[in-house]
Amino acid sequence: MKVSHYFEWEAYITGGHAQSVANQREIMDRRGVAYTTEPTLDADLLHLNNMGPKSIYYARKARQRGVPVLVHAHQTAEDFRESFAFSNLLAKPMGPYLEYAYSLADHLVCPSDHNREVVAGYADAPKTVISNGFDPDALAGFEDLREEYLDRYDLDPPVVFNVGHVIKRKGLEAFVETARAMPDLDFVWFGYLNPAGGELDRVLKSRDTKRLVESAPDNCTFTGYIEDVRGGFAAGDVFFWPSKNENEGIALLEAMGCGKPLVIRDIPTYDWLEDGTHCLKATGDFEAELDAMRDPDLRERIGANAAAKSEAFTIEAVGDDLVELYRDLAGDSGAGQTS
């Protein structure tokens, strides 16, 4: 079996989307699945990870040739909103565009049950839920970096933290305003302030994002890019994830894998996490939940439960599902394949 595993605009896309693709390729490498990263019909399966115009072209050609097309449903119009300048405006035509793009698939991969429910409104193609997963090996030894990163950013435990791109949809306003309301705690957001870089970043970053970062209180730090993401998980004590909309959230899975207790917004994506067991959920402000996390015993209990829950989401755990789907589709166009 040979897979054409294509990620359009790969050089320009970062964050969880790019990490998901890297995880898929790591799964194939570990299981000896032959693949090329170029779009080609000289393969048993075409797996597309970003439905740009070139991907749509190859999807249409593949269907004409009888090569099964698997599309990863990374994007939804709902998840696109509040991402960068003009994203709310672009989200309107994005819905119909994705409806067409996803309709070209013989089968869709959805990273979560919530994502599958949303994508059901886009296309009738059969759908299988397979987590993006996370790689525990990439986080190994994170504990050894704790003092270095606490000192680097002048942080006093317990540290409230987030990891990922700084965009409004991720709950940026809630992060900043909660820090303002709790001045005795250190809040730190590890991750890109300028994912695009240079002039393009200045164009794409919304005014609201700039305003919120620039107006953040002294106890709220934005580190920008860090060379070793393990440092963020080492320095942080409570993973604060006030995101408004997620298809899954790889950083959250990584935090769980590191045994970090979670304080999250109560959104449908995380119905599989039990409030009070794997996390603390909030529907309004987050101060009461973060205040409760001052208790080290509570942090230890919820962090341990989160770590145990995360074992089902490692790339080893989800890899068999992905490869099995590949094999099923490579021998069949995908008709009737559901899950």
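The values are calculated or read from the model by the stated rules, or taken from the named source; none is laboratory data. Keep in mind it's a predicted model, so treat the numbers as computed, not measured. Using ideal geometry, Cβ is built from the backbone for each residue, glycine included, and neighbour counts are taken over all protein chains shown.
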All positions within the stretch 14-38 that are touching a Phe, Trp or Tyr at 6+ places or on another chain (Cβ under 9 Å), farther than 19 Å from residue 327 by Cα and not β-branched (Val, Ile, Thr): 15, 17, 18, 19, 38
Residue pairs meeting the criteria (Cβ under 7 Å; at least 6 apart or on separate chains; first crowded, with 20+ Cβ neighbours inside 10 Å, in the stretch 278-289; second of a type in the set (Ser, Thr, Tyr) and modelled with pLDDT of 95 or more): 286/178
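Residues are listed down the side, and each one gets a yes or a no for (1) under 30 Å from residue 119 (Cβ atoms); (2) surrounded by fewer than 23 Cβ atoms within 10 Å (Cβ to Cβ); (3) at pLDDT 95 or above; (4) touching a Cys at 6+ places or on another chain (Cβ under 7 Å):
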| residue | (1), (2), (3), (4) |
| --- | --- |
| 226 | no, yes, no, no |
| 231 | no, yes, yes, no |
| 235 | no, no, yes, no |
| 241 | yes, no, yes, no |
| 250 | yes, no, yes, no |
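From the list 260, 309, which one is under 23 Å from residue 109 (Cα atoms) and among the basic types (Lys, Arg)? Even if it seems obvious, please write down each step before you answer.
On the way: 260 fails: under 23 Å from residue 109 (Cα atoms).
The conditions single out 309.
For the stretch 168-207, give me the residue count where each residue is at pLDDT 80 or above and within 22 Å of the chain's Cα centre (by Cα). Explain how you work it out, then say what you get.
In the first step, residues of the stretch 168-207 are kept if they are at pLDDT 80 or above; the result is 168-192.
Keeping just the survivors that are within 22 Å of the chain's Cα centre (by Cα) gives 168-176, 187-192.
Going through the stretch 168-207 one residue at a time, the tally reaches 15.
Would you point out the residue of the stretch 156-167, among those that are of a type in the set (A, V, I, L, M) and at pLDDT 95 or above, that is surrounded by the most Cβ atoms within 10 Å (Cβ to Cβ)?
If we take residues in the stretch 156-167 being of a type in the set (A, V, I, L, M) and at pLDDT 95 or above, then 160 is surrounded by the most Cβ atoms within 10 Å (Cβ to Cβ).
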Verdict on residue 273 being part of a strand (DSSP E or B), outside the structural domain of residue 30 (by TED's automatic domain parsing) and at pLDDT 95 or above: no
Some residue of the stretch 61-83 being under 16 Å from residue 17 (Cα atoms), at pLDDT below 95, surrounded by fewer than 21 Cβ atoms within 10 Å (Cβ to Cβ) and in contact with a Ser or Thr (Cβ under 8 Å, 6 or more places away or on another chain): yes
From the options 284, 319, residue that is more than 16 Å from residue 158 (Cα to Cα), in a helix (DSSP H, G or I) and either more than 18 Å from the chain's Cα centre (by Cα) or not assigned by TED's automatic domain parsing to the domain that holds residue 171 (or both): 319
Evaluation of residue 40 against (1) touching a residue at least 24 places away in the same chain (Cβ under 8 Å); (2) hydroxyl-bearing (Ser, Thr, Tyr); (3) assigned to a helix (DSSP H, G or I) (one fails), failing number: (3)
Residue satisfying all of: in the stretch 290-324; more than 22 Å from residue 136 (Cα to Cα) and either touching a Lys or Arg at 6+ places or on another chain (Cβ under 6 Å) or among the small types (Gly, Ala, Ser) (or both); surrounded by the fewest Cβ atoms within 10 Å (Cβ to Cβ) among these: 292
